[in-house]
Amino acid sequence: MAQQKVLVVDDESAIRDMLRMALELSGYECLEAENIFDGHRLVLEQGPDIVLLDWMLPGGNGTELLRRLKQSQVTQDIPVIMVTAKTTEDNIIQGLDVGADDYITKPFAPRELIARIKALLRRAKPREAEETIEVAGLRLDLAARRGFINGEPLDLGPTEFKLLHFFMSHPDRAYTRGQILDHVWGTNVYVEERTVDVHIRRLRKLMQVPDGDHSKLIQTVRGTGYRFSEHG
C-alpha cells in the first residue's frame, strides 16, 4: 500500500524538519513548501492526502491558499490543518470559516498533531479508496499503472495514464486545456496547450477497440476544452 502524503507548508525550516521527522517515523511521506505558491504547485502535482498549513507565509497569508483549495472542485476534499502561532479566538474562527478542517497552535506536541492527522484521514473521503477505477468497461489499475478495456490491456504511456486517471477521477465536468495542463503536467512545466490535444487524440485512438468505441467517453466541449462522461 502506498504511503499517504502529507504536505507541510511553513516558512520555518526548523518546524519543517521537526514535522518531517515526526511524519516519517509515523509512516507518512512528507512533502515540503515554504510559501503559498510552492504549496499550491505541490498540491496540484503531488495530490497530498492532507495539508499542514502555516498562517503567516512569504508571498501571502496561508488562508489565501486555503481558500483557493476549498474553492476548487479538484482540491476541495483535501483535509487542511492550520498550524500557526495565532491563538486568538477570532483567528481560529477565521481559519475554520475559510475551510480549515482543524486548527493547532504553536508550540505543539508532535504526537498530538499526528493523532489529529490520523483522525482527519479516517474521516476524509478517500479519493482512491480502491486499487482500481472503472467506468463503462474502462479500468485503471492504480498500483500497476495500467489500463484495460473489457479486460484487454491498453498501451498507455505515462502521460496518457495520468491524463486518463485525471479524467476518470473527475467525471462530468468540463476542463479547459490550461486546467488539464496544470493538473496532469504540473504548474512548473511549460507545455503548450495544443499538447493536450495531441495526447487526447492518441488516447482516443487507443480507446477505439473492436468491441466498442470507448473514445466517446472523452468529449470535446466547444469553447471550453474537454469532459469525461458516460453521458452524451
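None of the figures in this text is laboratory data; all of them are computed from the coordinates on show. All values derive from a computational prediction rather than experimental measurement. As a convention, Cβ positions derive from the backbone with ideal geometry for all residues, glycine included, and neighbour counts pool all protein chains shown.
Here are a few things to note about the model shown:
- Extension reserve of the Q73-T224 stretch, reckoned as 0.36 nm per residue once the Cα distance is removed: 52.7 nm
- Using Cβ point charges alone (K and R +1, D and E -1), the dipole size of the range 1-112 about the Cα centre works out to roughly 100 debye.
- Its residue count N fixes a reference of 2.2 N^0.38 Å for the range 5-123, and the Cα radius of gyration divided by that reference is 0.94.
- Taking the number of Cβ atoms within 10 Å of each Cβ as an exposure proxy, the fewest-first ranking of D141, D172, D102 is D172, D141, D102.
- Largest-first principal axis extents, alpha carbons of the range 132-228, Å: 35, 29, 20
- As computed over the range 188-232, the Cα convex hull volume per residue (Å³): 92 Å³
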